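Here the structure comes first, spelled out in structure tokens, and everything after it is commentary.
The values are calculated or read from the model by the stated rules, or taken from the named source; none is laboratory data. Keep in mind that what you see is a predicted model, and the values were worked out from it rather than measured. In this analysis, Cβ positions are derived from the backbone assuming ideal geometry, glycine residues included, and neighbour counts consider all displayed protein chains. These area figures cover heavy atoms from the full protein model, side chains too; ligands, DNA and RNA do not enter into them. Shrake-Rupley method; radii C 1.70, N 1.55, O 1.52, S 1.80 Å.
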Amino acid sequence: MTSNQQRPRTRLSLRSNTTVHYGSLSSEQPDSDASSMQTNSISQKRSYIAVAVLCYINLLNYMDRYTIAGVLLSIQNYFGIPDSTSGLLQTVFICSFMLLAPVFGYLGDRYDRKLIMIAGLIVWIITTLGSSFVKKSHFWVLLLTRALVGTGEASYSTIAPTIIGDLFTGTQRTLMISFFYIFIPVGSGLGYILGATIANATGDWRWALRFSPALGGLGLLLLVFLIPNPRRGASDNKGGATMESTSYIEDIKYLLKNRSFVWSSLGVTAMAFVTGALAFWTPTFLSRAQIKQGLRLPCKEEPCNPLDRYKEIRKVNCRLENVISQRLVSRVIAVIWSLNICLCFDFFAILQTFIAIGETLLSLNWAILADILLYVVVPTRRATAEALQIMVCHLLGDAGSPYLIGAISDALLKYNPESSHWDFRRLEYSILLCPFIGVLGGLFFLMTSLYIKEDRKAAELLTSGNTILL
């Protein structure tokens, strides 16, 4: 019999032995955590500053990720590559990102998270900057550097949400996670706009790839000096059980038995497929649509700016109106011509508005999904859960979707290879795959809703040390 003052040691483990493991629950404070981790003494002000810094770096990550899409037309012309090869630029990045995510998830649940993020950000800055110096005859080097960029992002994306989860709890954590993930659409949009704008201003698409690393240097300094390193589970079990380790295999088994985690991971996979395909191909799709409508001329030499929509047609239109309007009858024709151009402008404004709304609504799901993960997974397995979800959603989602869309488009090219009108149509038909995948993702999220309350309660009980997972 134990004394009344002595608390029994409760473990979170899939094994029934008596050894204490990482991920288990114990009332004893391990010396290593006490010496290497900060505790709940982190002030609220510093926690808010930490979230702001993490949001800034997240913004840069997504700016860089979609800068390529903003200058894709220039890259295609520079290297002389078709749609399918262009899609590989995103695919190789996502592949390295997803393959390395489990590695950083494992490290993030066991070692100093701040140091891992610092190392990853340094790799990201170097490789992103290096990709801007690739020669015309070495397209494979650009593919390699884009793949290495995924190394830096994998270290950050798997760990940053878990730090926010350990700084806040309840509705505050939900709000902070929402702020963090809202920078996905913001950064993605800025990546398009700044990438195309910088390339057009400098006349060289490479300068677009040099902008984010410059801002990344500031992010690195902020990360070093302003980000705390809270104890894992600090916000979930204040004054309660201390989380210790289990093996990586046990962590995976636990996550595969978590139904909310499994179904939400499948849902986010479908969402990643759609967002990845649309985010990569939308600028090119809109540019081809403008060519089809006669609102711009096909781009034959750099820089190809998808934001520079109507300059050529406006010049032609002005010349025609000046000549035609010299006669009374022709003025009527000039008015009709102008109305036609305005209607085309309105069509593209409406099209872009709906695309923006759709992408934003899809991106808002990231915050909800991250919040679900933090609620249904115990603190010491969250980095592993983030990493596993990242790997699955990218492996079956946006790792292949840009290439798949490009491959379908190239396969349809043979039906009318010389037509700019068909260039638009074949890409349009390829993108029609996305709505069907989106509906499938919605069904997966409905399945998640059936189990989330039960799994959240189970995670709370495990964290408090009131039960044992056998």
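Annotations
- Just one residue in the set T128, T158, T171, T202 is more than 18 Å from V92 (Cβ to Cβ) and either acidic (D, E) or open to solvent by less than 10 Å² (accessible area, probe 1.4 Å) (or both); that residue is T158.
- In this structure, I42 does not qualify as buried (at least 18 other Cβ atoms within 10 Å of the Cβ) and in a helix (DSSP H, G or I).
- Flag for G406 being within 24 Å of the chain's Cα centre (by Cα), small (G, A, S), within 16 Å of F280 (Cα to Cα) and open to solvent by 10 Å² or more (accessible area, probe 1.4 Å): no
- Restricting the first member to the stretch 125-137 and to residues that are farther than 13 Å from A147 by Cα, and the second to residues that are open to solvent by less than 100 Å² (accessible area, probe 1.4 Å) and aromatic (F, W, Y), the beta-carbon pairs closer than 8 Å and six or more apart or on different chains are K136/Y78; K136/F79.
- Qualifying residue in the stretch 143-151 (condition: open to solvent by 20 Å² or more (accessible area, probe 1.4 Å) and in contact (Cβ under 8 Å) with a residue 60 or more places away in the chain): no
- Among the conditions (1) at pLDDT 85 or above; (2) assigned to a helix (DSSP H, G or I); (3) out of contact with any Asp or Glu (no Cβ under 8 Å at 6 or more places or on another chain); (4) not β-branched (V, I, T), P228 misses just one, which is (2).
Quick grid of which residues meet (1) surrounded by 23 or more Cβ atoms within 10 Å (Cβ to Cβ); (2) touching a Lys or Arg at 6+ places or on another chain (Cβ under 6 Å); (3) outside any helix (DSSP H, G or I); (4) of a type in the set (K, R):
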{"position": "N77", "(1), (2), (3), (4)": "no, no, no, no"}
{"position": "M98", "(1), (2), (3), (4)": "yes, no, no, no"}
{"position": "R110", "(1), (2), (3), (4)": "no, no, yes, yes"}
{"position": "M117", "(1), (2), (3), (4)": "yes, no, no, no"}
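- S401 vs. criteria of a type outside the set (D, E) and more than 23 Å from A270 (Cβ to Cβ): no
- Yes/no for L194 being touching a residue at least 40 places away in the same chain (Cβ under 8 Å), in contact with a helix residue (DSSP H, G or I) (Cβ under 8 Å, 6 or more places away or on another chain) and over 25 Å from S84 (Cβ atoms): yes
The rows are residues; the columns are (1) closer than 29 Å to L143 by Cβ; (2) of a type outside the set (G, A, S).
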residue	(1), (2)
L369	no, yes
R381	no, yes
L388	yes, yes
L395	yes, yes
S401	yes, no
Y429	yes, yes
C434	yes, yes
L446	no, yes
Y451	no, yes
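- Taken together, R296, R288, R259 contain a single residue that is modelled with pLDDT of 50 or more and under 30 Å from D109 (Cα atoms), which is R259.
- In the stretch 384-398 there is no residue that is more than 19 Å from P230 (Cα to Cα), surrounded by 22 or more Cβ atoms within 10 Å (Cβ to Cβ) and more than 18 Å from the chain's Cα centre (by Cα).
- Every condition in (1) touching a strand residue (DSSP E or B) at 6+ places or on another chain (Cβ under 7 Å); (2) modelled with pLDDT of 85 or more; (3) not hydroxyl-bearing (S, T, Y) is met by G442 except one, and the failing one is (1).
- Matching entry among G170, G150 (being more than 23 Å from S47 (Cα to Cα) and small (G, A, S)): G150
- Residue satisfying all of: in the stretch 426-449; without any contact (Cβ under 8 Å) to a residue 24 or more places away in the chain and farther than 21 Å from L364 by Cα; surrounded by the most Cβ atoms within 10 Å (Cβ to Cβ) among these: R426
- Criterion (surrounded by 22 or more Cβ atoms within 10 Å (Cβ to Cβ) and not aromatic (F, W, Y)) met by exactly one of G216, G189: G216
- Where S84 falls short, out of the listed (1) over 18 Å from the mean Cα position of the chain (by Cα); (2) at pLDDT below 85; (3) surrounded by 24 or more Cβ atoms within 10 Å (Cβ to Cβ): (3)
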